[in-house]
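A quick write-up on the structure given underneath.
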Amino acid sequence: MKVVLDHLTKRFPSRTKKGDDVIAVNDFCFEIPDGKLIGLLGPSGCGKSTTLNLICGLEPPTDGKIFFGEDDVTRLPPENRGVGLVFQNYALYPHLTVQENILFPLQNLKGENKLSKQDMLEKAMQAARLVQIEGLMERKPSELSGGQQQRVAIARALVKMPKVLLLDEPLSNLDARLRLQTREEIRRIQQETGITTIFVTHDQDEAMSISDMIVVMKDGIVQQIGAPQDVYDNPTNLFVATFLGTPPINVFDAKIKNGEICIGDRAVMPAPGIRDQDAVLGIRPEGFILDQNGPLEMKLNRVEVMGRDTSVVSTHPASRNAQVRSIISARNQVDKNAETVRFSLIPDKVKVFSVKGENAALWAGSLESGRAHEEE
Ligand code: ADP
Ligand code: MG
């Protein structure tokens, strides 16, 4: 089922007389394609949960509309929307067994939707199998690990075969290893069932790894929508560039002069097609090539060998971060005792942003001319 958000807006009135209203979701427009997994990503407070609450009907929008397929569901109560919801804190009924928890949504079905006891048990079993907890049906939630509890919550959300599945930071309470494993399973289940799914997280790694498309939000405003790799490669502004990627992109104050990117008074790379101006430069950690004649010289702090890769930590007066982190192959020999280290740069790992306002992207590192997106 495709889901259309049409100028969706949610404004919360200020709690004090003088304070400003909070616009938790600001003019969100997006047509979510049928059967896809969408990662909704952004820092805490950017409006992710509010967006989900609007889609499932727990909150009415201040403005805008929501469509499921061709149907306008904006005024439909949550129970009639056919949405499955999973929250961070599982929210299982502690006094019920796993089976009873999963059965719960089916027991409230009325009229023609009412199911026989046998059908309900079968559906509960199917959902339990999907998340691989069919052996735990008689346990109470207190007898389960966090990961198992979250699977029960997912099974409960799936048991009615919802048209849309909404997951609000479902992995936040799990330890690192379980988080990895459970996110793979969510991906598998989503692909097996083909349910249109929105997965909310503040963890960019999580969103990038399992989503067909990601939506990056900030302060209630959608910054960028696209396939994870496209957004990583062509961030629309400095916020998106810094939000995606671990270790994060390295940010420098720079200048464009005569078609070249300059840091301090050194030209570090050609940037054809951008007019002379001050700029903000982003260099992905994987965008550095160790090069004794390279144009970018930095003060070497330390070298961390991490198996496959070597991480070179250095400093530069024009860097906006305390440290610059470069990731190079461990095959490189870096002299740990050297005072300085020199690099040349990989063009498509270098991003140029304007210094004004939202730091819009001016250039995403292509050396073919015509790809520079100059403002105005
Ligand atoms: P996220 O899930 O991305 O962390 P939320 O959607 O929960 O963000 O919140 C977005 C903004 O809306 C925040 O500034 C939050 O304080 C505000 N907000 C959320 N719910 C309410 C509410 N019921 N009343 C007033 N403000 C709210
Ligand atoms: Mg939230």
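Where a number appears in this text, it was derived from the coordinates with a stated rule and is not lab data. Just so you know, these numbers come straight off a predicted model, no measurement behind them. Every residue, glycine among them, receives a Cβ derived from its backbone with ideal geometry; neighbour counts consider all protein chains shown.
Points worth noting:
- Dipole magnitude (debye, nearest 20) for the range 30-83, charges at Cβ of Lys, Arg, Asp, Glu: 220
- Set of lysines near K2 by C-alpha distance (under 23 Å), chain-local residues within fewer than 8 positions excluded: K10, K36, K48, K65, K160, K163
- Among the GluC sites (Glu not before Pro) in the range 202-299, none is located in a DSSP loop while being surrounded by at most 15 other Cβ atoms within 10 Å of its own Cβ.
- Stretched out straight at 0.36 nm per residue, the stretch from T246 to D348 would grow longer than its current Cα-Cα span by 35.0 nm.
- Residues within the reach of a label modelled at K356 (point 7 angstrom out along Cα to beta-carbon, backbone nitrogen below 12 Å), restricted to the range 252-289, are 278.
- Convex hull (Cα only) mean projected area of the range 4-92, reported in nm² to one decimal: 7.1
- Of the GluC sites (Glu not before Pro) found in the range 118-179, those in coil by DSSP whose Cβ has at most 14 other Cβ atoms within 10 Å are E138.
- The range 1-68: trypsin sites (Lys or Arg not before Pro) in DSSP coil with no more than 15 other Cβ atoms inside 10 Å: R15, K17, K18
- Sequence-ordered 3J(HN,Hα) estimates for the range 93-101 from the Karplus curve with 6.51, -1.76 and 1.60 and θ = phi - 60° stand at 7, x, 8, 9, 6, 3, 4, 5, 4 Hz, glycine and proline given as x.
- Residues whose amide H falls under 5 Å from that of V131, counting only those 5 or more places apart or on a different chain, are absent, with hydrogens built in the peptide plane.
- Translational diffusion coefficient of the chain (Stokes-Einstein, Kirkwood radius from Cα pairs, 20 °C, 1.002 mPa s): 92 µm²/s.
- M161 sits among other residues whose Cβ lies under 14 Å from its own Cβ, and their net charge, with Lys and Arg +1 and Asp and Glu -1, is +3.
- In percent, rounded to a whole number, the relative contact order of the chain is 15, using alpha-carbon pairs under 8 Å and six or more apart.
- Only Cα pairs under 8 Å and 6+ residues apart enter the sum, and on that basis the relative contact order of the range 238-363 stands at 29 percent.
- Charged neighbours of S44, selected by a Cβ distance under 13 Å, balance to -2 (K, R count +1; D, E count -1).
- Calculated FRET efficiency for the pair L178/N337, C-beta based, R₀ 51 Å, to 0.05: 0.75
- Cα→Cβ-extended label distance, 7 Å offset, between Q126 and E100, nm: 2.5
- Kirkwood hydrodynamic radius computed over the range 238-363 comes to 14.7 Å, based on all pairs of distinct alpha carbons.
- Mean separation of Cα contacts under 8 Å, 6 or more apart, over the residue count of the range 246-294: relative contact order %: 40
- Globularity index of the range 128-227, i.e. its alpha-carbon radius of gyration over 2.2 N^0.38 Å: 1.13
- Net length gained if the chain between E138 and S116 were fully extended (0.36 nm per residue, minus Cα distance): 5.9 nm
- Residues whose amide H falls under 5 Å from that of W363, counting only those 5 or more places apart or on a different chain, are V352, H373, with hydrogens built in the peptide plane.
- Formal net charge of residues neighbouring R266 (Cβ-Cβ distance under 10 Å; K, R +1; D, E -1): -3
- Take the Cα of F12, step 7 Å toward its Cβ, do the same at R188, and the gap between the two points is 3.7 nm.
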